[in-house]
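One structure is given here, and the rest of the page talks about it.
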Ligand SMILES: *[C@@H]1O[C@H](CO)[C@@H](O)[C@H](O)[C@H]1NC(C)=O
Ligand SMILES: *[C@@H]1O[C@H](CO)[C@@H](O)[C@H](O)[C@H]1NC(C)=O
Ligand SMILES: *[C@@H]1O[C@H](CO)[C@@H](O)[C@H](O)[C@H]1NC(C)=O
């Protein structure tokens, strides 16, 4: 896997100019074995699993085993109940995490948009990770296949790590993850120290607290690790920081001699086991002009078993009043065996400030320390540093050139791959480019050149992953930034109102657009506004009267109009300020609509595209939509007689349903997928004639029928098949499902919403039951009016297996037969 490969290539020279710390976060970025398999299945566990095939062990980044990822039971909003836990068996320094959703060769479409991380060193005390600004939530994936890497700033030192998907509504989430870092050779489990203090400097406060300490902080800090082990060394000027947007003094933990009458600060270090210590390195500030100096003396006590050794080890570095640079002071620990060390650091001046403390023990001599510490011998090594710097600069230049060349070559290759993969899908407006997200949790200034080498390398690999993964269904992104579920070779049309119109296979689309638009321009002034039918982000739908529409009609159009009477039409209007994409879509929708010719599909009558705003004039039917129509009516019978309400006979209901089936039969013959079939989208004309339209989503009246997924599509979940909700698959078979629901609505006279007793979340949960198919799914009940054979048709529309659902042709026939 990429980071480690590159590391091994670049380590020798990187090492040369960055001997600052044992564990440089920028170098310690090896994948820890989720994708590589070094982490065993039994070390991966989870709070729950959706099914056996989505168990914790399938949560490995870039793996496609099982059903393609770990998926817990439904993730509830604000509950952090679900987690995927990894036991690394020993302490690790973790600098980077990677996440990915469930792709499963194109049928998966679940991913965690947000997650949190918890970690533990001992398996009992769990700590919530926060970034340097205190934020816990990490932004996760935006699609099911791209790997998203996040730097952990600050890094984590832990043995156990939990990924906890977060959601603001209940939903299905799947994750694949990887941890990057290296083994924590220091073995340090915690340090206990007095709380860092506040210095006032020229009227400004310098906060020298340990802001990322993960233990308890009351009068002193206990049981935690923090800034002294975060791999980040402070700058010479302690008021400045590497870290963006933090307070002065951020990198240091500091104390003043005013608070320590004993003259020293005691810090106790506890380790995972007894170790044979060689050295301790303390990174100290030495800005003596501000009364800050490295310690004058240190006394260390060792505890190997239960007792502290009586005799301390003492060390006094030579005082330095010349060089104000921050430096590592190396203290020899003379091969003492210990599992705990207690050191008393004596003040040399009013202030003492540390930013990093590292330990070296036994056979573990970390590679980064096998080099001499130039900062330690500042006085006599200026020439060496100069030469070192020159060599380093040469290396950097060479590296940069190599990277630039490399990137160019890679990019060319990737473009080629991309072109191949997208050549089919990319000819239309809503193409989706797979961008790799390599978002830093916090921007890091003072980035050393090697980390950018890594970054670009990671970026490339991810792009490659994305490019090869792109046989995938691509979630297309609408102009509103809201992705709509769509399949790769489907052109997703975004109607004026922001709702989906029809999803058209790209192929069909090409055939259609070969010819000219077969509708005529209509003089705008002949339209009289009557009523607003709906409104959306990109425009409005008006009910208008059109004068002399007959003349604009095609001869093949059987239009039952009374001469010289204005015709009722629906006018879809694009806002004049709509963006170019919306305009293109609008024109495309016109093209498609103009080709749809069926007695049960709303016809496009004319257009106004010579001037703004662009308009599309379609039929409107005098009785409005089927939902409202049926609501106003009652079934024939005693009740209707008493209430004197208008009625619709069962045979007329059936007649209407049959027409819907017939219209859908026509659409499906063209491979058009409607995606929003419902009674609200069927219009009723004279004598119970029905035409299928598509303005449902734009009307406030029906907003309750749609479920807005945060930052995602607005979805009519109560009409959607399980695979549309869970996998984002919209096909004719899912239209068939929606037809079943539409039929149910019709036979219940639209008196209630489908599954009215369930909340939106429960509807989604029920969808999960359809997927699991353990006979726990709830079906819509048989309406009172509905004979058994017709209910059988409904049930067949809701079969789990899409192939077992009937075609519209079959439904149409069955409905005809049921009336015979
Ligand atoms: C450290 O000090 C800063 C600045 O006052 C404060 O915002 C932060 O919460 C403190 N952190 C801790 C862990 O006390
Ligand atoms: C610690 O390591 C040194 C050098 O490897 C060895 O000489 C010494 O005996 C070790 N000490 C203990 C107590 O094992
Ligand atoms: C703190 O250190 C300064 C500088 O060495 C010294 O002048 C001062 O007396 C010390 N204060 C205390 C309380 O020890």
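Read-outs throughout are calculated quantities, based only on the coordinates presented, and are distinct from any laboratory measurement. Keep in mind the model is a prediction, meaning the values are calculated, not measured. Please note: Cβ atoms are built from the backbone with ideal geometry, for glycine as well, and neighbour counts cover all protein chains shown.
Just a few scattered comments:
- Rel. contact order, % - alpha carbon contacts under 8 angstrom, at least six apart, region 579-644: 17
- Average Cα contact separation per residue, region 79-232, under 8 Å, 6 or more apart, as relative contact order %: 29
- Counted residue by residue at 0.36 nm each, then reduced by the alpha carbon distance between them, the extension gain from residue 761 to residue 128 reaches 225.1 nm.
- Between region 145-164 and region 29-55, the alpha-carbon centres lie 14 Å apart.
- Alpha-carbon centroid distance for the pair region 744-820 / region 280-308, whole angstrom: 74
- In terms of packing, defined here as the mean over residues of other Cβ atoms within 10 angstrom, the peptides 391-402, 118-129 line up highest first as 118-129, 391-402.
- Relative to the compact-globule estimate of 2.2 N^0.38 Å, the Cα radius of gyration of region 280-327 comes out at 1.49.
- Computed over region 617-656: relative contact order in percent, which uses C-alpha pairs under 8 Å that are six or more apart: 30
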